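Reviewing the structure listed below.
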Amino acid sequence: MLTRSPQMPIKWDQCKDEFASDGALRDIQVIDATLSDSQRVLDFVRTSAAKSDYTIDGEAAALPSEASSIIASRSTATPLLLFRWGDIEIATHFFGEDDLEFDFRPENVSGQRELDQLLSFVSSVGRLLSKAVLVYHEGWEVSPFFIYDRHTDEITYSPRSI
């Protein structure tokens, strides 16, 4: 069963099994990301997230203004940007110039309110970059359960098939 948003909102009861605690994170991935996309998302998070914390190797640090410097630091350190989108804590690790990915704990999405917040983040990033965005179980990128389509400006839900 496919469900679309925003014309046909995705309901919690349809997808709540995707957020059952199983010890794994859920990933959000921007398709065909570029360094420019990482910069735009960094600027977006800086101005739109409720709260953000940046660490390098687990130690608090000042958030650089350039995504390129965060990505470059990965050769010797482990940068992490944690931010709140509504009630959901989302992390991004700046893996590389062409790898724009976020993760979150499924336990943070426990009802319609948090689901709407998650979908708001996914669609906001997709609109900002005019790119497809996938949400999937960690390690299951071949089987996303949410897909933001930039052409229709909708998020489609499809239960896992794997």
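The values are calculated or read from the model by the stated rules, or taken from the named source; none is laboratory data. Bear in mind that the values here come from a model prediction, so they are computed numbers and not experimental data. Don't worry about glycine lacking a Cβ; one is built from the backbone with ideal geometry, like all the others, and counts go over all protein chains shown.
Structural remarks
- Looking only at residues in the range 132-162 that are in a strand (DSSP E or B) and among the aromatic types (Phe, Trp, Tyr), the one that is nearest to Gln29 (Cα to Cα) is Tyr136.
- Tabulated pairs, the range 11-26, first touching a residue at least 40 places away in the same chain (Cβ under 8 Å), second surrounded by fewer than 15 Cβ atoms within 10 Å (Cβ to Cβ) and of a type outside the set (Asp, Glu), C-beta under 6 angstrom, 6+ apart or interchain: Trp12/Gly111; Trp12/Gln112
- Test result for Glu97, at pLDDT below 95, farther than 20 Å from Lys11 by Cα, touching a strand residue (DSSP E or B) at 6+ places or on another chain (Cβ under 6 Å) and of a type outside the set (Gly, Ala, Ser): no
- Members of the range 34-65 found to be part of a strand (DSSP E or B), hydrophobic (A, V, I, L, M, F, W, C) and surrounded by 15 or more Cβ atoms within 10 Å (Cβ to Cβ), listed by number: Ile56
- Looking only at residues of the range 100-124 that are under 19 Å from Ser48 (Cα atoms) and out of contact with any strand residue (DSSP E or B) (no Cβ under 8 Å at 6 or more places or on another chain), we find that the one that is surrounded by the most Cβ atoms within 10 Å (Cβ to Cβ) is Leu115.
- Taken over the range 102-125, the criterion of being more than 10 Å from Ile28 (Cβ to Cβ) and out of contact with any helix residue (DSSP H, G or I) (no Cβ under 8 Å at 6 or more places or on another chain) is satisfied by Arg105, Arg113, Asp116, Gln117, Leu119, Ser120, Ser123.
- Restricting Ile90, Ile31, Ile71 to residues that are surrounded by 13 or more Cβ atoms within 10 Å (Cβ to Cβ), more than 16 Å from Val125 (Cβ to Cβ) and either in contact (Cβ under 8 Å) with a residue 12 or more places away in the chain or touching a strand residue (DSSP E or B) at 6+ places or on another chain (Cβ under 9 Å) (or both) narrows the list to Ile71.
- When the range 104-146 is filtered for residues that are of a type in the set (Val, Ile, Thr) and modelled with pLDDT of 95 or more, the ones remaining, listed by number, are Val109, Val122, Val125, Val133, Val135.
- For Glu97, the criteria (1) under 13 Å from Asp27 (Cα atoms); (2) in contact (Cβ under 8 Å) with a residue 60 or more places away in the chain hold in every case but one, which is (1).
- Any hit, the range 15-27, residues being in a strand (DSSP E or B), within 25 Å of Glu154 (Cβ to Cβ), acidic (Asp, Glu) and touching an Asp or Glu at 6+ places or on another chain (Cβ under 9 Å): yes
- Among residues of the range 17-51 being small (Gly, Ala, Ser) and in contact with a Leu (Cβ under 6 Å, 6 or more places away or on another chain), the one that is nearest to Val135 (Cα to Cα) is Ala33.
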